[in-house]
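Please read the structure below before turning to the comments.
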Amino acid sequence: MIGVRLYMLQRLTALIMAPLVIGHIAVMIYAVQGGLSASEILGRTQGSLLWALFYGTFAVAVALHAAIGLRAIIHETFGLGGKSLAILTLGIFALLGGMGLHAVYAVTA
Amino acid sequence: MSDDASLKVSVWRGAEAGSFETFDVPMQESQTVLDLVAWVQQNADPTLAYRYACRVGMCGSCAMMVNGVPRWTCRTHVSKVAKDGTVEIAPLRNLPVIKDLAVDMDPFFDKWTAAGGAFSPTKSRDDTVEPILPETPERREADAAIECINCAVCYAACDVVSVNPDYLGPAALNRAWSLVNDVKDGALDARLTAVSGAGGCHNCHSQQGCVAHCPNELNPTASIAGLKRATVRAALKGRI
Ligand code: SF4
Ligand code: SF4
Ligand code: FES
């Protein structure tokens, strides 16, 4: 149920996520070590295009990567295929992407 | 023959629906699992259906599940697999059972064809023979994959085959990889397209059940990894 294009998309999103995860962990460690409060963190992220792009890219990559992985698992576990599988894949992508981007909006807008 | 010199051999009887029937089979030195099956058919029940031809690990027709593990029965010694004097012999997994130990191999070979398993010549008999150097990287890859005997042991071992009926499986994809590396073959892009669909090489989980069980010690997982790289390159260049 994974063709070459979905396979490439999943590898590409993995490539994108790897450095972003490291960046995210580094920022977390910095924030905790520095004892930054929630409002101090928000003060730095709000209105920042850079942080919006950083976490926005991450949220979209996660949604794509996870939707393709879940698509394979759902097909292999429940035998779902065809149109219903395609709709479910898109639904998972939309749900995860929507939730992720909503959170990014909340801290950077 | 005394009791301690015999084995309890459970053999699958019936088609998809059926049950195991147990036979006492005399033990012999250097006995193979195929010998057990042959003994049952020749001495206990002539209606037992099973398949074999060469008895020396060449033809690939004798594969069965032995104590739950897919094996070539003509080259599997009983001493290696018997558990407390018992052996359970069942038809190969992941293929429809025709009768007893004989499975329908059609889906297996249909997938060979679907994966572009047929050689596509670029020359005719009127052309001169093209010299093929054994040490080129392509030929080494092709040689590593070419000793397949079509026994379907890997196909029975593959969990993706059992959960995704469209999956072409390790043997067909391994065959496709040997042809991808064959410089005499002229159907590269068609073959890469054939292994890139819903049941193609990208569905392999790479956990190497096929490698662990292939009696000829081939590495279909490596072949499939090669196909994944080749298809990605071809897709990036817009060829597939
Ligand atoms: S490595 Fe791939 S082909 Fe081999 S058994 Fe696993 S899923 Fe099947
Ligand atoms: S790859 Fe190995 S296990 Fe699979 S069909 Fe060929 S010889 Fe048999
Ligand atoms: S009988 Fe030919 S491989 Fe076993």
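By the helix-only formula, in which each DSSP H run with n ≥ 4 contributes -39500 (n - 2.57) and the sum is divided by residues, chain B has a 222 nm mean residue ellipticity of -9000 deg cm²/dmol. Our summary gives chain A a relative contact order of 40 percent, counting only alpha carbon pairs under 8 angstrom and 6 or more residues apart. Sorting B:127-139, B:213-225 by their mean Cβ neighbour count within 10 Å, with the most densely packed peptide first, gives B:213-225, B:127-139. Computed from backbone phi, the HN-Hα couplings of segment B:68-79 come to x, 10, x, 8, 7, 6, 6, 10, 9, 6, 4, 4 Hz, rounded to whole numbers (Karplus: 6.51 cos²θ - 1.76 cosθ + 1.60, θ = phi - 60°; Gly and Pro given as x).
Over 29 Å between Cα atoms: which of B:Lys99/B:Lys184; B:Lys8/B:Lys111; B:Lys80/B:Lys228; B:Lys99/B:Lys228; A:Lys83/B:Lys99; B:Lys111/B:Lys228 fall into that group? Violating the 29 Å Cα-Cα cut-off are B:Lys99/B:Lys184; B:Lys8/B:Lys111; B:Lys80/B:Lys228; B:Lys99/B:Lys228; A:Lys83/B:Lys99.
Seen from A:Leu9, the other residues with C-beta closer than 14 Å to its C-beta sum to a net charge of +4, counting Lys and Arg as +1 and Asp and Glu as -1. Ranking B:Tyr167, B:Tyr52 from most to least accessible surface, computed with a 1.4 Å probe over the protein chains only, gives B:Tyr52, B:Tyr167.
Rounded to the nearest 10 square angstrom, B:Glu21 shows an accessible area of 70 square angstrom against a 1.4 Å probe.
With R₀ set to 51 Å, the beta-carbon distance separating A:Leu53 from B:Val183 gives a calculated FRET efficiency near 0.65. Per-residue ellipticity at 222 nm, computed for chain A from helices alone with -39500 (n - 2.57) per DSSP H run of at least four residues, works out to -30500 deg cm²/dmol.
Counting Cβ atoms of other protein chains within 10 Å of each residue's Cβ and taking the mean over peptide B:154-167 gives 2. A full extension of the chain between B:Ala44 and B:Gln207 corresponds to an added length of 54.6 nm, given 0.36 nm per residue minus the alpha carbon distance. Full extension from B:Gln28 to B:Glu130: what is 0.36 nm times the residue separation minus their Cα-Cα distance, to one decimal in nm? Extra length available between B:Gln28 and B:Glu130 comes to 31.6 nm.
When nucleic acids and ligands are ignored and a 1.4 Å probe is applied, A:Trp51 ends up with an accessible area of around 70 Å². Contact order for chain B, expressed relative to its length and based on alpha carbon pairs under 8 Å spaced 6+ residues apart, stands at 17 percent. Amide H to amide H, with H built 1.01 Å from N, B:Thr32 comes under 5 Å of B:Val78, counting only residues 5 or more places away or on other chains. For B:Ser196, neighbours were defined as the other residues whose beta-carbon sits under 13 Å from its Cβ, and their charges (Lys and Arg +1, Asp and Glu -1) total +4.
The values are calculated or read from the model by the stated rules, or taken from the named source; none is laboratory data. Here the structure is a predicted model, which is why all the values come from computation and not from measurement. Heads up, the Cβs are rebuilt from the backbone with ideal geometry, glycines too, and the neighbour counts pull from every protein chain shown. Ligands, DNA and RNA are stripped out before the accessible areas are found, and what is left, the full protein with its side chains, is counted by its heavy atoms. Shrake-Rupley method; radii C 1.70, N 1.55, O 1.52, S 1.80 Å.
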